[in-house]
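A.B. asks: Submitted below is the structure of interest, expressed as C-alpha cells.
Derivation of every value follows stated rules applied to the coordinates shown; laboratory data play no part. Because the structure is a prediction, the values reported are computed rather than measured. Cβ sites come from the backbone with ideal geometry, for glycine too, and all protein chains shown count toward neighbours.
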Amino acid sequence: MAFKIRASKYRHIFADIPKPDEVYQGFRLSTVTGDQQYIKASATYFALALAGGGGPIAVCRHDRPGRFEHGKSQMVSGHKGNVLDMDWNPFDDSMLATASEDTTIKLWSIPDDWEPTDEKGNSKSGTSLDTSLVDLQGHMKKVTLLRFNPTVGNVIASTSGDHTVKVWDAEKAEEINSYNDLPALVQDLGWDVRGDNFATSSKDKVVRFFDARTGTVASSIEGAHGGSKSMKLTYLGDSGKFLTVGASKISAREVKIWDLKNLDKPLHVEKIDNAAGVIMPLYDNDTDVLFLCGKGDGNIRNFEFEDKEPFIFRLNDFRSTDPTKGACLIPKRGCDVMNCETARLLKLNSKYVQPLSFTVPRKSDTFQEDLFPDCPAPDAAHTAEEWVAGSSKLPVKMSLNPAMRNDNKGGQKKKFTARTVASVSAELKEANERIKFLEDKLKENSIDF
C-alpha cells in the first residue's frame, strides 16, 4: 500500500534560534504569577511587565533589538500595583491597555516621537510615560485578563478576582455590561472572530460562551477537561469550531476540538504529553496554523487546523532548551512577507525575548500570494454604538502584497478622545456658561423664560 503524504503549504514551516544581536535583553521581569501570557505585541511595539513600584511596563520597538536599560529605555508607569495583563488595540499600534492589581484598567498612547535618548546616547527626560488616556474603574479586586474586541473600535472585555466579566466602551470610559455570577476565577478569555461573543474558562472546569452585547451566558461546556491544570482556549477563525487546552484526569496535557453548534462532546482529542506547564494556544486565523507554547517548555509545537477529521495536523516543531515564560504573536502586517515569514512569535523567558521568525522555504523572491491571504487591517469594522445596536461584521481585510499596500506597516494612529470625568466636567462648565449668556440676553430684551 502506497504511503500518502498530506499536501500542505505550511508542512515545512520552521524557525531558527535567533542570533544574540537579534534578541531583546536586560529586563528585570515582574515576579507576579498567573494565567496570562506576560508579553503582548502590536505590529510596531511589544510590551511586558517589569519589577518595581508603579507597575512599570517595558515598551520596545521590534526594529530595535538589544539591551533594555532602566531609566534610558521606554517605560510606562502609572499604576499603584503590579500589571497582570495587557493588550494592544488592533486598530492603533500605539495604544496599549493594561490591567493591574490596583483594580483599574488604563489606556496609554505611545508617542510616535518617543525617543528615550538623544543623538549622543544620553538619557532624555520623560523616558517614563505616566499619564494615561483614560482609567476604567469598576472591578472590586485585581484585574487579571483583558482583550480588545477584534472588530469594534475601543471595546474591551476584562475579568477580575471579584469573579466578574465586564465589557467596556473605552472611548466613553463606561461599562457596556457586566456578568457578576461567576463561581470561580477566570483562567482565560477570548473573542470570536466577529467580536459578537467571547468565551471564558474557569477554575470550576467550565467553559462559558457569552453574548458580548448583553453580558449573558449563551452556552457552556461542563468539565471540558478532567484535570486541575489551567485551561486555555481559542476560537478557530470563522469555522464554527473551538479549541481548548487543558489536562486529563491523569494530568496528561491534551487539546480538544469542539463544534460550537453541538458542545455535548469534543470532535477530536489530541494527547500532548505529561509535562506540568500550562499550554498557551496561539492561533493564526489567516493561515490556520496553531502554535502551542507550554510554560516551562523549550519546544513550541506547531499544528495546522483543517475543518475536517482529524482537524489538526502536526507540523515541524521549534526545538530549544530555553524554557518559555510567555509568548505572543505579532499581527501579520508586521511580518517580513518578502522573506516568506508567515508568522513571528515572541518567546519570553527569564533572561530575554527571542523573536522567532516562522518561515516557509521558497526559492522565488517574489510575493507568495498563496502563503499570505488578506489579513485584518488596522481599521475597525464598526463603531461601539453600531455594534451594541446589533451590527455583526468580519474584520476589515487588507492585502499583504507590498505593491498593493497603502498602510504604514505599523497601522494608522487613530485619534482617541475619552470621555473622562474631567472632560465631562469641562463640557458641563461650558454648557452652563452658554446657558447663562443666553439667559442674560433674554433679560436684556425683556423676554420671559
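A.B. asks: Angle, helix 421-444 long axis vs. longest principal axis of the chain, Cα atoms, 0 to 90°, nearest 10?
C.D. replies: Value to nearest ten degrees: 30.
A.B. asks: Can you tell me which lysines have their Cα less than 26 Å from the Cα of Lys363? Leave out same-chain residues fewer than eight positions away.
C.D. replies: Lys4, Lys9, Lys19, Lys332, Lys409
A.B. asks: Where in the stretch 185-289 are there GluC sites (Glu not before Pro) that are in a DSSP coil and have at most 14 other Cβ atoms within 10 angstrom of their Cβ?
C.D. replies: Numbers: sites: Glu222, Glu254, Glu270; in loops: Glu222.
Of the GluC sites (Glu not before Pro), the ones in loops of the stretch 185-289 whose Cβ has at most 14 other Cβ atoms within 10 Å are Glu222.
A.B. asks: Taking Rh as the Kirkwood radius, which is the inverse of the mean 1/r over Cα pairs, what is the Rg/Rh value for the stretch 263-399?
C.D. replies: 1.01
A.B. asks: What does the extension gain come out to for Glu309 and His268, with contour length at 0.36 nm per residue minus their alpha carbon separation?
C.D. replies: Difference between extended and current length: 14.0 nm.
A.B. asks: Another question, then. In nm, what is the difference between 0.36 nm times the number of residues separating Lys141 and Glu430 and their Cα-Cα distance?
C.D. replies: Details: separation 289, 0.36 × 289 = 104.04 nm, distance 3.60 nm.
Using 0.36 nm per residue and subtracting the Cα-Cα distance, I get 100.4 nm.
A.B. asks: Efficiency by 1/(1 + (r/R0)^6): what FRET value for Asp21 and Asp238, r their Cβ-Cβ distance, R0 = 41 Å, to the nearest 0.05? List each step's numbers first, then the result.
C.D. replies: Numbers: r = 40 Å, r/R0 = 0.98.
That pair, Asp21 with Asp238, gives E of 0.55.
A.B. asks: Do any of Lys205/Lys393; Lys80/Lys106; Lys205/Lys271; Lys80/Lys351 go past 20 Å between their Cα atoms, and which? Show your work: numbers first, answer last.
C.D. replies: On the way: Lys205/Lys393 31 Å; Lys80/Lys106 11 Å; Lys205/Lys271 18 Å; Lys80/Lys351 25 Å.
Violating the 20 Å limit, Cα to Cα: Lys205/Lys393; Lys80/Lys351.
A.B. asks: Using every pair of alpha-carbon atoms in the chain, split the distances into 10 Å bins beginning at 0 and state the percent of pairs per bin, rounded to integers.
C.D. replies: Cα pair-distance distribution for the chain, in percent: 4, 20, 31, 26, 11, 4, 2, 1, 0, 0, 0.
A.B. asks: Quick check on the stretch 18-104: what are the equivalent-ellipsoid semi-axes from the Cα gyration tensor, as sqrt(5λ), descending, whole Å?
C.D. replies: On the way: eigenvalues 84, 49, 28 Å².
Those come to 20, 16, 12 Å.
A.B. asks: If contacts are Cα pairs under 8 angstrom and at least 6 residues apart, what is the relative contact order of the stretch 6-51 in percent?
C.D. replies: Details: 21 pairs, mean separation 14.9, N = 46.
Over the stretch 6-51, the number comes to 32 percent.
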